[in-house]
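Visitor: Below are the structure tokens for one structure; questions will follow.
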Amino acid sequence: MGKGFFNVPVAINEPVKGYAPGSPERETVSKQYKAYFNGNVDVPMYIGSKEVRTGDTRTMTPPHDHQHVVGTYHIGGKAHTEEAIATALEARNQWSQMPWEQRAAIFLRAAELIAGPYRAKINAATMIAQSKTIHQAEIDAACEFIDFLRFNVEFMSDIYSEQPNSDDGIWNRVEYRPLEGFIYAITPFNFTAIAGNLPASAAMMGNTVVWKPSDSQVFSANVIMEVFKEAGLPDGVINMVMGDPVEITNTVLASPDFAGLHFTGSTFVFKELWKKIGENIHNYKTYPRIVGETGGKDFIIAHPSANPKQVATGITRGAFEFQGQKCSAASRVYLPKSMAEEVLGYVKEDIASFKMGSPEDMSNFITAVIHEGSFDKLAKYIDQVKEDADAEIVAGGNYDKSKGYFIQPTVILAKDPKYTTMCTELFGPVVTIYVYDDADWADTLKLVDATSEYALTGAVFSTDRYAITEATKALENCAGNFYINDKPTGAVVGQQPFGGARASGTNDKAGSAQNLLRWVSPRLIKETFVSPSDYRYPFLG
Ligand code: NAD
């Protein structure tokens, strides 16, 4: 156990590198991209000390070049999942007793490895697997992941130092035990940082984990496991399994030792998981913690006092970066009639200037959407608009999947504020705009609040402080992250803790101490220095 009250290094946000033409970081990442692209990685499952290769493999192909194979990964089934659970439980015996500063050191080392020798690898892998531009890869796979690791160490130490008062003659202390059992982490395709953070945050607090990454992110998930291993994370603390999500999940949730779910992904899947956990509740040794961050239908509302160019930039960046595949991406916009035309004009100019293609060509701002399923779904919505009378496409509207899954950034103008694309999460480079009468500002705020089941992010643009105050109040419950005069994307760890309510999730704020608190079960220890030896109180005479 510790022999000192250790101060952790002060966490600061990792500076974002620029990757300008001629910069050394651009050269390094381009070289790594080529090496991965022309290589053939064989990704195993990681169970304890073993790299498990079942021979039952799936290929990995970049979304922007779907006929090009960059590697394979091995999938397992029920038996492998059971082995991963048993391994996690076995590893828990030692890991849960490891002094916290040793755990902290491992994850701080992981952060330094990503900041240094693994930066190009994790960025290039994310460019290939998830079709991110270098800038999108850098702010996610490198910077956000590093920030999660460094800030969580600081939050962990803050949590441990939170202690009760003690009266004369006694000493009260709280220890923050890991949960009894193991944690199940299920991660989405869209953020390498989330894929790493979901298992790592639970592990940092002393838990052991079974982690199931998204099939579309395995290529970069493998780099995460390489980093954890090189950082010295003991075998069995994080076990990565791949395969049929339903089979793996049913196996995990059938275990009496299942102690918590750390999920990020779509709303429907999360609700199904919650239901299954409920159905199994009598089998568990403890009440499982359920943490889930899910979908969004994130809004921008402009007040007539807003600056039209700033609103347009908020839309362009908020809706189209990473092809709108951020849970926080702006996808419904409310513009006052007095400025709609001007804002739309700027947005169209921006779209006309976008280049679309492979992230290897760093002049491309738009790359491909994640897979064929997503492409087909988006194409269907676009085609439907072309048929419908109550909406029209005013920019974009083309798509092509011959080489990669490319959807042209698209702006829909809806006459009906409840038109399907104003309410449904599409998760692509498609934004729908509704134009309201300037006089209807207050009613439009009510409309924003009542249009979607989600409550993840949202933004108001205005130069009128009364209007900002009114919007902040009226929209209190429809965004967990609310932005004033800024786009609704781009939350930074340690600055804008992230999460939403309503159907968007449990709002446990990734990148804050609140999230880490879900992975511990505090034990209060009261010690009395001289115990009473007579039961009688003075009042008894
Ligand atoms: P998804 O729900 O399709 O998949 C997420 C994970 O769940 C994957 O690992 C997948 O294999 C697994 N999964 C799928 N079906 C399952 C099932 N029946 N049982 C168990 N596991 C299952 O989501 P995605 O396409 O990877 O990610 C996009 C979604 O994630 C969007 O809805 C987006 O809004 C959301 N998201 C939310 C946040 C947030 O912080 N709120 C962040 C990122 C992404």
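Visitor: Where does the charge balance sit around Gly77 when Lys and Arg score +1, Asp and Glu -1, over other residues with C-beta under 9 Å from its C-beta?
Guide: -2
Visitor: Relative contact order for the chain: what percent, with Cα pairs under 8 Å and sequence separation of 6 or more?
Guide: 17 percent
Visitor: Follow-up question, since we're still on this one. Tell me, what is the per residue accessible area of segment 1-126 in Å², probe radius 1.4 Å?
Guide: Here the per-residue accessible area is 52 Å².
Visitor: Going by a ≥ b ≥ c, the root eigenvalues of the Cα gyration tensor, does segment 135-183 fall in the rounded group (a/c under 1.5), the prolate group (a/b larger than b/c) or the oblate group?
Guide: Here segment 135-183 falls in the oblate category.
Visitor: In addition: As a test question: what accessible area, to the nearest 10 Å², does Leu540 have when a 1.4 Å probe is rolled over all protein chains in place?
Guide: Counting only protein heavy atoms, the figure is 100 Å².
Visitor: At a 1.4 Å probe, what is the % contribution of carbon and sulfur to the accessible area of segment 298-484?
Guide: Roughly 49 percent of what the probe reaches on segment 298-484 is carbon or sulfur.
Visitor: Tally Lys and Arg at +1 and Asp and Glu at -1 over the other residues with C-beta under 13 Å from the C-beta of Ala20: what net charge comes out?
Guide: Details: positive: Lys17, Arg26; negative: Glu25, Glu27, Glu138.
That sum, taken over residues with Cβ under 13 Å, equals -1.
Visitor: Then there is this: Averaged per residue, what accessible surface does segment 134-260 expose to a 1.4 Å probe, in Å²?
Guide: Working: 3340 Å² over 127 residues.
In whole numbers, segment 134-260 has 26 Å² accessible per residue.
Visitor: On to the next question. Assuming 0.890 mPa s and 25 °C, estimate D for segment 226-326 with Stokes-Einstein, Rh taken as the Kirkwood radius over Cα pairs, in µm²/s.
Guide: The estimated diffusion coefficient comes to 141 µm²/s.
Visitor: Next question, about the same structure. State whether segment 66-160 is rounded, prolate or oblate according to the following rule on the C-alpha gyration tensor (a ≥ b ≥ c being the square roots of its eigenvalues): a/c under 1.5 gives rounded; otherwise a/b larger than b/c gives prolate, and the remaining case gives oblate.
Guide: On the way: a/c = 2.91, a/b = 1.18, b/c = 2.47.
Verdict is oblate for segment 66-160.
Visitor: In degrees, nearest 10, range 0 to 90: what is the angle between the Cα axis of helix 100-115 and the longest Cα principal axis of the chain?
Guide: Here the helix axis deviates by roughly 30 degrees.
Visitor: State, to one decimal in nm², a quarter of the convex hull surface area for the C-alpha atoms of the chain, i.e. the direction-averaged projected area. Working shown, then result.
Guide: Values: hull surface 119.5 nm².
In nm², the orientation-averaged hull projection of the chain is 29.9.
Visitor: Right, here's the next one. Can you give the longest run of the chain that contains no trypsin sites (Lys or Arg not before Pro) sitting in a DSSP loop with at most 13 other Cβ atoms inside 10 Å?
Guide: No qualifying site falls inside 4-284, the longest such stretch.
Visitor: Using a ≥ b ≥ c from the Cα gyration tensor of segment 335-390 (square roots of the eigenvalues), is it rounded, prolate or oblate, where a/c under 1.5 gives rounded and otherwise the larger of a/b and b/c decides, a/b for prolate? Let's see the in-between values first.
Guide: Numbers: a/c = 3.46, a/b = 1.20, b/c = 2.90.
The shape class here is oblate.
Visitor: Sticking with this structure for a sec: Could you tell me which of Pro308, Tyr399, Ser23 has its Cα farthest along the dipole of the chain towards the positive end, charges placed at Cβ (Lys, Arg +1; Asp, Glu -1), taken about the Cα centre?
Guide: Most positive-ward Cα: Ser23.
Visitor: Please check the chain for the longest run free of GluC sites (Glu not before Pro) that are loop-located per DSSP (anything but H, G, I, E, B) and have at most 15 other Cβ atoms within 10 Å. Before the final figure, lay out each step's value.
Guide: Details: sites that count: Glu162, Glu180, Glu453, Glu476.
Answer - 181-452.
Visitor: Taking only protein heavy atoms and a 1.4 Å probe, what accessible area per residue, in Å², does segment 298-484 have with all protein chains in place?
Guide: For segment 298-484, the per-residue accessible area is 40 Å².
Visitor: Further question on the same structure: Return the carbon/sulfur percentage of the accessible area of segment 86-222, one whole number, probe 1.4 Å, all protein chains in place.
Guide: Of the solvent-accessible surface of segment 86-222, carbon and sulfur hold 48 percent.
Visitor: Leaving ligands, DNA and RNA out of it, work out the accessible area of Ile484 with a 1.4 Å probe and give it in Å² to the nearest 10.
Guide: 70 Å²
Visitor: Also, I was wondering about something else. Could you name the aspartates and glutamates whose alpha carbon sits less than 12 Å from that of Lys31, not counting residues in the same chain fewer than 8 places away?
Guide: Qualifying aspartates and glutamates at Cα under 12 Å: Glu360.
Visitor: Can you give me the solvent accessible area of Ser521 with a 1.4 Å probe, rounded to the nearest 10 Å²?
Guide: 40 Å²
Visitor: How long is the gain from Val69 to Gln384 if the chain were fully straight, where each residue apart is worth 0.36 nm and the alpha carbon distance is subtracted?
Guide: Stretched out fully, the Val69 to Gln384 stretch lengthens by 110.1 nm.
Visitor: Let me have the relative contact order for segment 298-484, percent, based on Cα pairs under 8 Å that are six or more residues apart.
Guide: About 28 percent, as a whole number.
Visitor: Taking the 0 to 90 degree range and rounding to the nearest ten, how far is the long axis of helix 372-387 tilted relative to the main principal axis of the chain, both from C-alpha atoms?
Guide: 40 degrees
Visitor: For Lys229 and Asn250 in the same chain, what is the full-extension length gain: residue separation times 0.36 nm, less their Cα-Cα distance, in nm?
Guide: This chain segment gains 4.8 nm when fully extended.
Visitor: Helix 119-130 versus the longest principal axis of the chain: what angle, 0 to 90°, nearest 10, using Cα atoms?
Guide: 60 degrees
Visitor: About the Cα centre of segment 64-134, how large is the charge dipole given +1 on each Lys and Arg Cβ and -1 on each Asp and Glu Cβ? Please answer in debye to the nearest 20.
Guide: Dipole of segment 64-134, to the nearest 20 debye: 200 debye.
Visitor: Please give the FRET efficiency for Lys309 paired with Glu527, using the beta carbon to beta carbon distance and R0 = 51 Å, rounded to the nearest 0.05.
Guide: 0.20
Visitor: Okay, moving on. Apply the Karplus parameterisation 6.51 cos²θ - 1.76 cosθ + 1.60, with θ equal to phi minus 60°, to every residue of segment 17-29 and state each ³J(HN,Hα) to the nearest whole Hz, in sequence, with x for glycine and proline.
Guide: Once rounded to whole Hz, the list reads 6, x, 6, 5, x, x, 6, x, 5, 5, 5, 5, 6.
Visitor: After finding the eigenvalues of the alpha carbon gyration tensor for segment 433-535, what semi-axes result from the square roots of 5 times each, listed largest first in whole Å?
Guide: Each semi-axis is √(5λ); the values are 43, 15, 13 Å.
The values are calculated or read from the model by the stated rules, or taken from the named source; none is laboratory data. Not measured: the values here are computed from a predicted model. We place every Cβ from the backbone using ideal geometry, glycine too, and count neighbours over all the protein chains shown. Surface accessibility is based on the protein's heavy atoms, side chains included, excluding ligands, DNA and RNA. Shrake-Rupley method; radii C 1.70, N 1.55, O 1.52, S 1.80 Å.
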